[in-house]
Amino acid sequence: LPMPPAHVVVAALREVKDVPLVSFATICTFVAADNFTEQCRRVYFATEDYSLMTWGVVNAGLYFLFQEKASLTGDAAQKAQYLEYQAVCRDNLETALANLPLILPARRESIEVVLLGAFYAVENSKFSLARDLNAIAATLCQNLGYHRLRGPLTPETEPKAILFWSAYLLDKALSLRSGRAPVIQDYDITVPRELSANPPGGVEVPDVS
């Protein structure tokens with residue numbers, strides 16, 4: 001399937017590193033900037049096969065990136081171009097979500113793609129889809145033990161904690177909205193509720209106690 005031009009994506013990622021975009025950083029906080037850049041590199045400059053999940057994460061991240069860039073630019077022609085790229089990424093993301101295997105492998109990228117898909121579904125008022133995708137993300141987080149990380153967080157474990165808390169917060173919000181029990185129960189959680197001063201994406205986890 002077509003993708004936005006590589007040179008446009010490279011330029012946009014460079015701009016994001018210099019001047020972070022608030023909405024993009026908030027939605028994609030669990031996909032660290034360096035990690036997302038690496039995932040884009042795997043897709044655009046592939047030296048080996050990449051997974052459907054990686055392709056979905058890249059298109060989801062670029063969808064939110066071009067969406068915010070379109071809202072910030074004052075140039076009508078440039079805005080139309082960004083919206084066109086966003087539409088391409090939207091179609092690709094929906095294709096990726098529609099073709100995910102029934103049983104996802106318990107890997108970080110699996111959580112990332114369904115969590116980004118859940119945020120996309122919330123934005124587009126697809127409540128049932130958002131709830132189902134986030135339930136998968138929450139279950140995978142628990143299967144991988146991200147809710148039971150102990151001790152001070154390290155550069156290796158902190159991205160896992162961010163993934164978990166992102167799924168947790170959306171799980172709580174969607175369960176309150178629907179009147180259903182959340183997937184994640186508070187008594188199962190041992191992961192620290194605080195992140196370092198400069199977590200990936202620069203977003204702090206609120207107190208959920």
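The values are calculated or read from the model by the stated rules, or taken from the named source; none is laboratory data. As the structure is a prediction and not an experimental result, all values here were calculated from the model. Cβ: placed from backbone, ideal geometry, glycine included. Neighbour counts: every protein chain shown. Protein only, heavy atoms only, side chains kept; ligands, DNA and RNA dropped before computing areas. Shrake-Rupley method; radii C 1.70, N 1.55, O 1.52, S 1.80 Å.
Applying a threshold of 6 Å to beta carbon distances and a minimum spacing of six or more residues, or different chains, the list of pairs starting in region 72-85 at a residue that is closer than 17 Å to PHE24 by Cβ and open to solvent by 70 Å² or more (accessible area, probe 1.4 Å) and ending at one that is modelled with pLDDT under 95 and assigned to a helix (DSSP H, G or I) reads LYS79/ALA70; LEU83/ALA70. Assess whether ILE103 counts as being part of a helix (DSSP H, G or I) and farther than 23 Å from PRO2 by Cα. Criteria not met by ILE103.
It is to be established whether one or more residues within region 65-73 are more than 20 Å from the chain's Cα centre (by Cα) and either on the phi > 0 side of the Ramachandran plot or not small (Gly, Ala, Ser) (or both). The answer is yes, given that some residue of region 65-73 is more than 20 Å from the chain's Cα centre (by Cα) and either on the phi > 0 side of the Ramachandran plot or not small (Gly, Ala, Ser) (or both).
Taking the criterion of being open to solvent by 80 Å² or more (accessible area, probe 1.4 Å) and touching a Leu at 6+ places or on another chain (Cβ under 6 Å), no residue of region 86-97 qualifies.
Any residue at all in region 5-25 that's among the polar types (S, T, N, Q), outside any helix (DSSP H, G or I) and open to solvent by 20 Å² or more (accessible area, probe 1.4 Å)? No; the residues of region 5-25 include none that is among the polar types (S, T, N, Q), outside any helix (DSSP H, G or I) and open to solvent by 20 Å² or more (accessible area, probe 1.4 Å).
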